[in-house]
Each structure stands twice: as C-alpha cells, then as structure tokens.
Amino acid sequence: MQKKLSYALLLIASLTLVGVTPSRISANQHYSGEIGVDMQNFAFDKSLVDTVRDFSVTRSFSNHFLNFNGSGPIYNSNLANYALSTSLYGTYYQVSTDDNSTDTYIKPALNKYNLSVSLFPQRTYPLEVYVSKAKDYTLRYEANNRIQTNLLQPELAVVRRYQTEIKDRGMMWKYASNNNYNVTTEYKQSNTVVNRNYDFAEDRDIWIEYVNYRYNPIEAVHTIDIINSMLDDSAIIFIDLGLIDTLSPGGSISVQVDSGLHTIDVYPFKYNHYSNNNVTVHANMLWKILYINPATPNDLEQTTTVASSMVQYGDKEKLTGEAFFEYSDSDEKVQRMNIIQSTFSNNLTYDLSKNQKITGLTTWTRNKADITDISSQLNSSFMHRTSYYWLQRRGPSVSFSHSFSQIGTKTDVDDLTSTTNLFSNRITYPVNKWKYTADLKNTATLLSDNRGYSSDQYSTDLTNKMSFRFRRVKLEPKAQLKYSYNIRKNPDLKANEVETKIGLAGEIRELSYVGTLKFKSQYGWRRRGHEAGSNTIGRYLIDVSITRKFSQRLKVTAMSAFQRESYGGTSKDSTHDTSTINREDENRILYKIDVQSSPIDWASLGVAYGVISQKGATISRFSAMLNATIPRYKIPLKAILLSETRELEGLPKQVQTSVETKTSYRFRQITFTLSYSYRRESLLTEKFSLHEVLGKISRHFAL
C-alpha cells in the first residue's frame, strides 16, 4: 500500500518538476480531484404462492474514494504532454440472508490509474503511449436466475457480487501528410479478469453426474453404482421417495432399479440443501454425487491483443474513402476458448456530378474459434457492393445496386459455403400537385451453396401515396402492391407471394369541444402459395385519437384502436402447413388515455392508462411520470411509476409494478445524487420484489 502511494506521488512530482518551474504551475499544469463516498444496495425477496417457503437477500457496497487528475506539458508542449488519473479507495461490503449475515472491509488501495503520454503533439506524426489498470467491486442483479431452485442459496444467484480487474496498455500513432491523406495505427493489449465472490458456502451446491456404462433397452433391471464424491460431507440417498442408504464421504453403494424414469433425492448432513433430479434409466449407470460451483457465465479471464490501422484518402471534392484493417487475438482461460479475428473494410464515394455519385463498399472477415479439446470453427465472409445514385430534388430519382457476398463456415464435422448475388433498383417519381409520389423497387436475390441448394427470389414493390390539405383537414391516402416469386432447388419448390395494402390517414384540427382528431385506417391482404397449397392472412386496422388542450397547463389525449385478422387458405396434400387454414379469426381492441399537466410552474405530471383486449387475454398498463425542479434550491426530481396486469383465461392474475425516483443537488463544489427503484412481480407460482438504492456524495477540488 505505502509502496504504491509513494510511487504515485513520486510520479506526479517528477512530471511537475520536469514540466514547469514552480512559478508556472498554475499556467501550464492542470490538477483536479474528487473526494467522496458512494453506496449501492440491493434487497431481493422471493416467495412461492400458497406455500410458506420464501427467502431473501440484502447486499450492500460502500466505497470511500479519492480521485486525482493531472495534465500538462513535459518540458514544453511541442515535445510531449501527459494525462494522469488515479483512484484511491476502500470498500465496505455487507450481505445478509434469512439465516446468515457477514460484512467485510477492504482497506484503501490504489485500485485505478490511467497514464498517457503524447509525443510531438503539435507535429503531423504524434505518438501516444498509454497504460491503465482498474479494479472494481460491483453488485449485479441477474433477473434470469430468479427461478433458480437447485442451489444452496438461490437468492444469492439473483444478486451477485463480482470483482473485476482490467489492465490495458498500448500505443497510437497518427500521420497526416495533408488534408487528403490520414493514417491512424493502434496496438493494444487488454487483460480482463472477472470473478464471482462467494458467501455462505454458496459454491457448495450438490450436483449428480450421470455416466452410462452400456445402453441396453431390452433388460428390465439395471445396476446403478452410486459414489459420494463429497470428501467432507455425508449424504442420504432416496430413489422414488424410498430410502436407499447413507453414504459417508467417499463411500459407494450398488442398487438395482427398473428401466424407466426415476426421481433421485440427495440430502447432505453439513449443508441445508438437497438435490432433486429426474433421470431415465436404460443401462447400467454410475451416479457421482459432488459439489460444483453454481453457473457463472460472467466469470472470465481473458487476454486480448488488437492491432488496427485506418487510412482516410481522397481529394475531399469528388473522391472520399476510408480503409480499415484490424487483427485481434483473444484467449479466454475459464471457457478455454481462443478467438482469432481479422477484419478489412473499404468504403469510398465518387461524385460524378452534382446529382450523380457512385459508392463502393468492400468487407472481409475471418474468425477462428477454438474450444480446447472440444471443437473448433472457422467463419469467413466477403462482400462487395457497388451502387449508383441519380438524385434530383424536384424530379425523378434512380438508384441501381449490386452486391456479391460469400459466407463460409467450417467445423470439425461440417463445411458449408454459400454465395449470394443481390441486384436491386429503385425509381422514385414525385409530383408537386397534391404531393404525389410513386416509388418502384425491384430486387433479385440469387443464393446457392456447395451442397447443391439454391434459391432465386424476385420481387417487385410499387407504392403510391399523396398528401393534400383543405383548410383544417389533411388526408394522406396510400396504396402498396408487392409481388415476389421464389424458385428453390434441393429440395425443389416454386412459390409466390402477393401482398397488398390500402390505407388512409389524416387529421382534422380545431374541432369544437373535441380538439384535434387524428385517424388511420388500413386494410392488408397477403397470400403465399406453392404446389401443395396456399395460406392467406387479411388484416384490418382502424386507429382514432383525439387531443384536447384545455389550457397551457393541461392536455388530454384519448385513443382507440381496433384490429382484425382473418385466416384462410387451401391444402392439396399433407406436406402443406395448415396452421392458418384452421385458425380462428382474431380481434384486438385497444383503449388508451393520456393526461399531461403542469399544475405549477416548476413541476409537470403525466399519467397514462391503456387496455389491450383479445379473446382469452386482457392486458392493462398504467404509468405516471413526475418531473420537477424545486425552485429555491434548484433540486431536480424525477419519478416514474409503471404497472402492468395480465389476465389470461384459466390462469391467476399476474401483476408487475416498478417505481423509480432520482434526485441530485450541487452546492458549490459538493455534489449529491440519490436514486431508488422498486420492482414487484406477482406471477403464476412465484412472487419477487427488489429494492435498489444508489447514492453518492463528493466534493470536487482543483489545484
């Protein structure tokens, strides 16, 4: 600790003495810092409906820190500049469950630093060298683990504690000969280590490893060898709720079981946890009882080396381009994975005239991933696209494009390469009268691979739309027709699709007692057909909203929408998908009201309530938002309330509620921030709640 502090102080003093004399410190050197305390708290609770089983956990972090930043020239600004940032902090950690509680204090240490030195910063060839280190202790809310039940302390898997250490070092060199040619090259090596910190023996979860000796579905009875691999704990074994035996550490037993599905329960002596598993037996087997760390996909120990170069070229008038190349080598020790990736891209634009230009894009990527002793995979891709544009502000616009791409995937057991040619063109013709626009798109996609599969897709999309206004009425009709044809080989298939949409949108402003009325209606029909049959879907939508301003402080919007989907089709043989043929028509109705108000000058409130209803399901949502700034002290305050209720036919009601608040205050150089969030979920069989509090108070200073 003292050694690190002495080194940091010596480094700062050296840079100051080399850079300037004491009389010039304030003019050339810039020093600032921050001292303060931050806090992070999570409280999670879970209970099972109609049972007395529940559990909870509270985890808290608090850091007291001293941050220091410095920058300035070394000797003079033409030779070199430096930038330095350090963070000295200590951490207090506390965790408690229903049965246990503990706390830990980590002494202050220099856990973060970042130093960069720029050589010849005023020249056309500056070089920057940097090194950094960051060590953090964090809490994470991992919502996907809420349903975990097979762990020693399931609640600890929901709010987890991690330690992260990142070390970076590298250099960046730039060269600019003139405005038409710039080069940037960087080399960087990064090492990241993320570890989960365990509490209350949560890494002592019971696991059963199943090994099949010989598959034999004919025999009715099989021999099972059970071994207790827990060397410091005994275990009681139950099979299909029947007591088998108590195995001492390292003990074993052989039993006979019938062929089929069985339930295995294992109860240890030392820890209050058991394992419940279902296994299908069709052979003589080995069951090994052991401890295993709970799943931690976020844990890693990774070293990544990256070398990259970017070149910007062109005359800045007609030709502009940018080429980029990057090579990265990533080695991950926890998952025993190595990834080597190379990437190249070149993007250029050439202006033929004021209204015409050509663009080109080329990309190439090669990615090789190896998992030690398990598998390897090589992915490669190449793509080139050339496009021509003829654009006119008040006349027709035309574009043509062709792209070629090749994608390959090679594994230990497979080798697949696919090639795609894509041709497209677009013609847009606007007419000033009634703002009429016709838009035509044509596309041809030709796909093939090395296994003999091919797919040729041709499509045409025609859109007509216009917009006109008469006094307070605005109308926007729109019609769209799309046709596509597909030819496949291996397997052979010829299919076509027709889709049409007709819609009308508009608004009527300043209606008496109503306000502004907006509406939108649309009818769409789609048919997909081939030799075996066809499927059709029809959709009708109407949406109406009314917005009324009662004053400068109150605005109300009411909205209603109706959607109907009808299904049909024909089937000529059993290979055709009949899901839409026998499907019932569906209706959906939406109601929503939104109120925005400013009852006082320094606060605004928004409230919204909506309901979505269809056969067998109703979903209602309520939200409220408050934004305020307390006048005298200028303290901002923000609060959000969200609630959603789901009522599904034949199931209990499900409710999800969340509340978030945030505020901050600054007095001279002192800054205070505080945020609080609460989430509660009442699901079918479980209830969850989470409280999260984040706070920080600090003082900034400058030297």
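The values are calculated or read from the model by the stated rules, or taken from the named source; none is laboratory data. Because the structure is predicted, anything quoted here is derived from the model rather than measured. All Cβ positions, glycine included, derive from the backbone under ideal geometry; neighbour counts span all protein chains shown. The protein model used for the area step is the full one, side chains on, heavy atoms only, and it has no ligands, DNA or RNA in it. Shrake-Rupley method; radii C 1.70, N 1.55, O 1.52, S 1.80 Å.
Things worth noting here:
- Applying the condition of being in contact with a Leu (Cβ under 9 Å, 6 or more places away or on another chain) and among the polar types (S, T, N, Q) to the stretch 448-460 and asking which residue is surrounded by the fewest Cβ atoms within 10 Å (Cβ to Cβ) yields N450.
- The residues of the stretch 113-134 that are within 25 Å of D38 (Cβ to Cβ), free of Cβ contacts under 8 Å to residues at least 40 places away in the same chain and open to solvent by 50 Å² or more (accessible area, probe 1.4 Å) amount to a single one, N114.
- Pairs linking a residue in the stretch 661-677 that is among the small types (G, A, S) to a residue that is assigned to a strand (DSSP E or B), with Cβ atoms under 6 Å and 6 or more positions apart or on different chains, are S664/T673; S675/K662; S675/L694; S677/E660; S677/E692.
- Criterion: under 30 Å from F68 (Cα atoms) and among the basic types (K, R) - qualifying residue of K615, K687, K653, K662: K662
- Applying the criterion of being within 30 Å of the chain's Cα centre (by Cα) and of a type in the set (G, A, S) to the residues of the stretch 371-423, the residue that is farthest from Q341 (Cα to Cα) is S403.
- Check on Y162, more than 30 Å from T185 (Cβ to Cβ) and open to solvent by less than 60 Å² (accessible area, probe 1.4 Å): yes
- Candidate set: the stretch 232-267, residues that are of a type in the set (S, T, N, Q) and closer than 21 Å to T280 by Cβ; chosen: the one modelled with the highest pLDDT: S254
- Of all residues in the stretch 585-604, at least one satisfies being within 30 Å of E531 (Cα to Cα) and open to solvent by 40 Å² or more (accessible area, probe 1.4 Å).
- Single residue of N28, N41, N81, N69 found to be farther than 14 Å from K112 by Cα, more than 32 Å from the chain's Cα centre (by Cα) and at pLDDT 90 or above: N81
- Filtering the stretch 230-244 to residues that are open to solvent by 40 Å² or more (accessible area, probe 1.4 Å) and either over 15 Å from N277 (Cβ atoms) or assigned to a loop (DSSP other than H, G, I, E, B) (or both) leaves L231, D232, D240, L241, L243.
- Residue within the stretch 371-379 that is open to solvent by less than 50 Å² (accessible area, probe 1.4 Å) and free of Cβ contacts under 8 Å to residues at least 24 places away in the same chain present: no
- From the list Y89, Y82, the lone residue that is touching a residue at least 40 places away in the same chain (Cβ under 8 Å) and crowded, with 18+ Cβ neighbours inside 10 Å is Y82.
- Meeting the requirement of 2 or more residues that are β-branched (V, I, T) and either more than 30 Å from D199 (Cβ to Cβ) or touching a residue at least 24 places away in the same chain (Cβ under 8 Å) (or both), the strands (runs of 3 or more DSSP E) wholly within the stretch 251-363 are 252-258, 260-268, 275-281, 283-292, 300-314, 337-351.
- Being open to solvent by less than 60 Å² (accessible area, probe 1.4 Å), more than 26 Å from F550 (Cα to Cα), modelled with pLDDT of 95 or more and not acidic (D, E) is a description that applies to S643.
- Residue within the stretch 505-521 that is at pLDDT below 90 and under 30 Å from T570 (Cβ atoms) present: no
- The residues in the stretch 135-146 that are assigned to a helix (DSSP H, G or I) and open to solvent by less than 30 Å² (accessible area, probe 1.4 Å) can be counted, and the count is 1.
- Filter pass, Y213 being open to solvent by 30 Å² or more (accessible area, probe 1.4 Å), assigned to a strand (DSSP E or B), among the hydroxyl-bearing types (S, T, Y) and at pLDDT below 80: yes
- Only residues that are of a type in the set (S, T, Y) and open to solvent by less than 60 Å² (accessible area, probe 1.4 Å) were counted across the stretch 461-501, and they come to 4.
- Which listed residue is surrounded by 15 or more Cβ atoms within 10 Å (Cβ to Cβ), among the β-branched types (V, I, T), in contact with an Asp or Glu (Cβ under 6 Å, 6 or more places away or on another chain) and closer than 29 Å to S308 by Cβ, from T362, T343, T419: T343
- Test result for L674, exposed (fewer than 15 other Cβ atoms within 10 Å of the Cβ) and not hydroxyl-bearing (S, T, Y): no
- Unmet requirement for G395, which otherwise passes all of (1) in a loop (DSSP other than H, G, I, E, B); (2) open to solvent by 60 Å² or more (accessible area, probe 1.4 Å): (2)
- Extreme residue, least open to solvent (accessible area, probe 1.4 Å), among residues of the stretch 680-692 that are among the aliphatic types (A, V, I, L, M) and either under 26 Å from G33 (Cβ atoms) or not in a strand (DSSP E or B) (or both): L683
- Tally of residues being over 20 Å from K112 (Cα atoms) and not aliphatic (A, V, I, L, M) across the stretch 168-196: 13
- Yes/no for S664 being touching an Asp or Glu at 6+ places or on another chain (Cβ under 7 Å), more than 24 Å from R553 (Cβ to Cβ) and in a strand (DSSP E or B): no
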